[in-house]
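The values are calculated or read from the model by the stated rules, or taken from the named source; none is laboratory data. All values reported here derive from a predicted model rather than from experimental measurement. We place every Cβ from the backbone using ideal geometry, glycine too, and count neighbours over all the protein chains shown.
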Amino acid sequence: MIAYRAWLDRYRDYLQVEKRYSSHTCLAYMRDLRKLVDYCRDAGIEEWTALDHSHIRNFVAAHHRKGLGSASLQRLLSSVRGFCAFLIREGAMKHNPAVDTQAPRTARRLPDVLDVDQTSQLLAFSGGGILDIRDRAIMELFYSSGLRLGELAALDLRHLDLANATVEVTGKGRKTRILPVGGHARRALEAWLAQRAGLARDDTQALFLSRRGKRLTPRAIQQRIQRQAHRQLLPGRVHPHMLRHSFASHLLESSADLRAVQELLGHEDISTTQIYTHLDFQHLARVYDKAHPRARKKRGKMDLKD
């Protein structure tokens with residue numbers, strides 16, 4: 001009989017200690033793998049070695065029938081492949097039955113971005129209160145350096161080096177990278193640091209603090225950005241990742257250096273960064289449609305007949 005819980009615990013420890021995955025990522029893996037455990041119990045599978053390609057295919061098909069979308073099915077399969085690879089390493093399985101199973105393909109959704117004018121509009125909000133000064137520093141840093149929400153929320157004072165205009169962030173897989181901080185962001189951060197002591201409590205080292213002097217949570221950051229976007233009359237939902245996407249898109253438009261943008265964003269796979277080339281092409285296509293004589297539709301003129 002499979003010791004389900006023991007194997008999941010061992011795999012979670014492996015992800016946390018050896019792979020150095022975040023607690024959020026580990027929880028997502030465990031949620032997926034508990035679904036596999038439920039399937040194995042229902043199917044009467046008593047040894048990992050008995051799990052084969054047809055079982056995995058049926059497992060995915062069952063969740064597809066339950067309404068799980070393509071992206072979720074792909075993530076589910078990725079979790080199972082990783083777990084099976086771990087079982088092979090530990091001698092509990094001889095082959096990976098999930099390797100050749102494919103989830104239904106889904107169209108890759110392009111990320112939402114702000115154009116340059118919208119970004120300038122967002123960052124030009126008025127207000128000299130301490131929370132406005134903090135919010136401006138947060139948004140300028142997001143846009144200047146392309147940070148993820150979790151990366152920015154985790155920043156401590158020691159991670160910021162304004163003398164050299166850099167910030168050290170810890171990304172996925174606990175990998176660190178040093179990012180440049182632009183002039184606007186540096187000035188906004190200097191203004192915030194001059195006010196930060198007025199909120200700090202208990203010698204906290206967190207860079208961004210709440211009204212109560214505690215580390216600002218990711219959820220609070222999301223809410224504050226949306227609030228400032230609403231004040232600036234920007235339509236729709238503006239969120240932290242939109243600033244990261246805008247950073248990447250605008251940088252790529254100007255430089256066309258895909259590898260540099262990949263390094264700045266902390267992407268392991270350049271194919272993840274390449275999505276921003278599609279955004280750039282869409283922008284060029286819109287310009288073409290509006291400007292090219294052969295693309296524009298003529299109005300007010302009758303077509304000549306033969």
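For the stretch 173-182, does any single residue satisfy the condition of being assigned to a helix (DSSP H, G or I) and outside the structural domain of residue 24 (by TED's automatic domain parsing)? The answer is yes; a qualifying residue exists. Just one of the numbered conditions (1) surrounded by 16 or more Cβ atoms within 10 Å (Cβ to Cβ); (2) out of contact with any strand residue (DSSP E or B) (no Cβ under 6 Å at 6 or more places or on another chain) is not true of residue 124: (1). On the given criteria, is residue 152 in a loop (DSSP other than H, G, I, E, B) and touching a residue at least 60 places away in the same chain (Cβ under 8 Å)? No; evaluated as a whole, the condition is false for this residue. The residues of the stretch 206-230 that are in contact (Cβ under 8 Å) with a residue 24 or more places away in the chain and among the hydroxyl-bearing types (Ser, Thr, Tyr) amount to a single one, 217.
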